[in-house]
1. Out of A:Pro155, A:Pro165, which single residue is more than 14 Å from chain B (Cβ to nearest Cβ), closer than 20 Å to A:Thr229 by Cβ and not polar (S, T, N, Q)?
2. For segment A:19-27, check the following and say yes or no: at least one residue is free of Cβ contacts under 8 Å to residues at least 12 places away in the same chain and either open to solvent by less than 30 Å² (accessible area, probe 1.4 Å) or over 16 Å from A:Ala117 (Cα atoms) (or both).
3. So in segment B:353-379, with the set limited to residues that are in a loop (DSSP other than H, G, I, E, B) and surrounded by 12 or more Cβ atoms within 10 Å (Cβ to Cβ), which one is modelled with the lowest pLDDT?
4. What are the residue pairs meeting all of these: first residue in segment A:380-404, first residue outside any loop (DSSP other than H, G, I, E, B), second residue polar (S, T, N, Q) and open to solvent by 70 Å² or more (accessible area, probe 1.4 Å), Cβ atoms under 8 Å, and 6 or more apart or on different chains?
5. Could you look through segment A:226-268, keep only residues that are among the acidic types (Asp, Glu) and within 22 Å of A:Met145 (Cα to Cα), and pick out the one that is nearest to the other protein chains (Cβ to nearest Cβ)?
6. Taking the stated definitions as given, is A:Gly59 without any contact (Cβ under 8 Å) to a residue 60 or more places away in the chain, assigned to a loop (DSSP other than H, G, I, E, B) and over 20 Å from A:Ala117 (Cα atoms)?
7. From (1) open to solvent by 10 Å² or more (accessible area, probe 1.4 Å); (2) at pLDDT 95 or above; (3) under 25 Å from A:Gln116 (Cβ atoms), pick out the condition that doesn't hold for A:Arg10.
8. Within segment A:253-265, can one find any residue that is over 24 Å from A:Ala101 (Cα atoms), open to solvent by less than 10 Å² (accessible area, probe 1.4 Å) and of a type in the set (Gly, Ala, Ser)?
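The values are calculated or read from the model by the stated rules, or taken from the named source; none is laboratory data. This one's a predicted model, so the numbers in the text were calculated from it and none came from an experiment. Cβ placement follows ideal geometry from the backbone for every residue including glycine, while neighbour counts extend to all protein chains displayed. Accessible surface areas use protein heavy atoms only, side chains included; no ligands, DNA or RNA. Shrake-Rupley method; radii C 1.70, N 1.55, O 1.52, S 1.80 Å.
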Number of protein chains: 2
Amino acid sequence: MLTHFDKVFRIDLRLKKDEQILVGVSGGPDSLCLLDLLHKNGYSVIVAHLNHGLRPESGDEAHRVEEVAVSYGFPFVLEECNILALSEATGKSLEHMAREARYGFLFRQASVADAQAVLVGHNADDQVETVLMHFLQGAGMTGLMGMKKITLPNPWSEVIPLIRPLLMTWRSQILDYCRDNNLDPIFDSSNQDTEYFRNRIRHELIPYLESYVPGVRVRLLQMADVFETDYKFLHEYIDRAREDCLEICGDGYVPFDAICFNKQPLSLRRHLVRWAISTLREDVRELDYDAIERALSVAKSVSQSGQQDLVMGIRAYLEDGVFYLASWEADLPQVQWPQISHEVIIEAPGHVELSNGWYLIVKPIVNGESVQEQVSTNPDPYRAWVDVGDQLTSLKVRGRRAGDMFVPLGMGGKSKKLSDFMIDQKIPKRARECWPLVCLGDEIIWVPGVRQSHEFKLGPKTEQVIYLQLIPPS
Amino acid sequence: MLTHFDKVFRIDLRLKKDEQILVGVSGGPDSLCLLDLLHKNGYSVIVAHLNHGLRPESGDEAHRVEEVAVSYGFPFVLEECNILALSEATGKSLEHMAREARYGFLFRQASVADAQAVLVGHNADDQVETVLMHFLQGAGMTGLMGMKKITLPNPWSEVIPLIRPLLMTWRSQILDYCRDNNLDPIFDSSNQDTEYFRNRIRHELIPYLESYVPGVRVRLLQMADVFETDYKFLHEYIDRAREDCLEICGDGYVPFDAICFNKQPLSLRRHLVRWAISTLREDVRELDYDAIERALSVAKSVSQSGQQDLVMGIRAYLEDGVFYLASWEADLPQVQWPQISHEVIIEAPGHVELSNGWYLIVKPIVNGESVQEQVSTNPDPYRAWVDVGDQLTSLKVRGRRAGDMFVPLGMGGKSKKLSDFMIDQKIPKRARECWPLVCLGDEIIWVPGVRQSHEFKLGPKTEQVIYLQLIPPS
């Protein structure tokens, strides 16, 4: 009869005995049990220990783990870091920094050693606590599936799996194993402080829930497995939808084709937003329901130019048919817009260089008659024919200013606030500030790419026609 | 500015004002609030009340609900039943019977009145309690999505939706509404008794959980919505898989093509088993993880003839490539097997009628030489050529008996227990007892459809050849 521990290194873990396994060993019961089992089963192990430097006894503990490694004849690698300092420097939580530092270290070492896998000691109680914490925060499937037995790819590697062989083993079984095998685990004195929430769940909430449903721990462990399976199924469709909709990502932003995105079933749209935000902010672990709903409403907004703050410095934008999730500080791609950051004098004939490869060209036309009819409606926003009298040397191109007014051609000569006109014309909000305006003095002659002014249209008395053209990047 | 209650009858409920709506009204705050809102908004309502007969004041309450209906000018329908007696007679729980009786009544009345929908008053707190109860029982997606705002089809109708307009309205909002509108709800004195578990969740657990995560109720309500969406997505694939794999269901059993079933992703296989069991036993609401895993292992069993008890009188079988989920008492389809329930004497030439349209025919062959070679291996399990000397009148066909032995042709004359031979030959367990055996006295000459006996094969001294044939149903 196989004992529970005989079945821990199941066939589906695919661990080979003649290839190195890197094991994260804190020195606690879980990792000592794991190490002992690996040793008994004849695996090739590298023992890795990260000294977080959070407690006075950290150094001693590192030394004890090294002694254990030596006693098994396993190589030992150690790294020290100052999690507290890192946390303070980055403004990220201690728990997040510790996790990042730990897995970063383990996978760096695994990569150096060409190890087949990184193993850590999480047990079934850890899993139940994780599931319960996520549940209380209203997490979806990805939260309720808890930790995975095998994670590949993972945030630290595309090729080295993260494996948790003890994920179906209860803490009590591990403690019994340690006792029966004369292992001497370290009991971390800081648990009570650094992971207060988890400890309250462990010591108070779970025992209390047992009074509602005896065996609740087992049920939650099984539930996590069911959700892992469901998510695995769903994940294929999320991946496919992402392939269909995702445009080229940049630093700090994730762009989706809005039409394609909006065609996806609601379930997939929510998962895509979750994925995008987790890509932008790896420290956002539980995502607010309302934030996701806001993002989805931006994607669907009728104005074609919506914007919403979501959560922790992430925004959603809709611009020119692209639905962006982006961090506040990100430079979104602006290649599609002409922009100008400072005032420039037009020299005619000549050209003005705008941002992102756009140009404005300007030239006088001698025979005004030939364009007279053409310009009475002017359906082409990329070209303008204007009458500026003899003021040609006073023409300039600039961005907008507070109080700018504009008299759009074709609207009966009515004057509008430029800002309102830009909204009407669905110029993306981010693009408005530096949208080039061709002006005579302070008066706007032409909003390139959009509309020329009624005030400067050609008339019966026009003597000199000025031709302007906006040329997109080639 | 719209108040919360202005948004209760949202467009997506698709309720028409000029068609009848049947509302289940207990007289409690939820249903009175719902009724008042419907009245204010000008809907055409029928008030339906089921008197469960569980409490002395039931009759008075029915009368009060009728008065409310009359005050609005709404028609009133009443039914009385004895839930306690029904529960005792069927052995099903009081809660289950009350639910069945209530919805059965509402939908019967809705059908009679040609109503567009049945409305009930479940609120957001009910939803959170439901989600939490399911979570503690380790439920999957279908449990964590809780109740649905609109359910169609539902167990009671394919055409009339069950709608819960107040599912996003908190109990406190409903109580405020009742107070502000001078409604006088009945507070059910039996809540404390009949729904003890739910009440403990409501009054103890949820307030306690708020101390872990403030706003946990809102988070769980939102989570239910996310799971409903995810399940809606998954459901399409479950439906498709079911269409692919499901064979013709019978009374008390659900059959899947085993090869097709086993090809489905694990997630869908689990959901299909859940669906099948819920079809067979509508009162099984939370399904044991282990039961589902056992069912899946039966579907995959190598022996091609597995069987497992699952849960509450449901079994899983694998037979002839069909994976069945069936209640204990169900008659599975046996049309594919020849069966005999009693002993029959063979008359030669002649035939014996077996169950399900199978026949055995028997006839003497004069020239034995012509089949001599053919029968030395006999690859055809549906035919046999045997030498029974002059004992032709002693031949009979019967089912098996304890202690039956058999000497299969082609196995060197070794004798085997018939029961072992049947297992080797993958005769389905249920079919073994009544599988027809052609015998001379107690000795088995032929297992029709499987193998003839070594002992009765033709030999150099054979004078009289008896030819036997098993004929499948046409």
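1. On inspection, the qualifying residue turns out to be A:Pro165.
2. no
3. In this case the residue turns out to be B:Gly368.
4. Sorted first by the residue in segment A:380-404, then by its partner, the pairs are A:Trp385/A:Gln374.
5. A:Asp230
6. No; evaluated as a whole, the condition is false for this residue.
7. The failed condition is (2).
8. Taking every residue of segment A:253-265 in turn, at least one turns out to be over 24 Å from A:Ala101 (Cα atoms), open to solvent by less than 10 Å² (accessible area, probe 1.4 Å) and of a type in the set (Gly, Ala, Ser).
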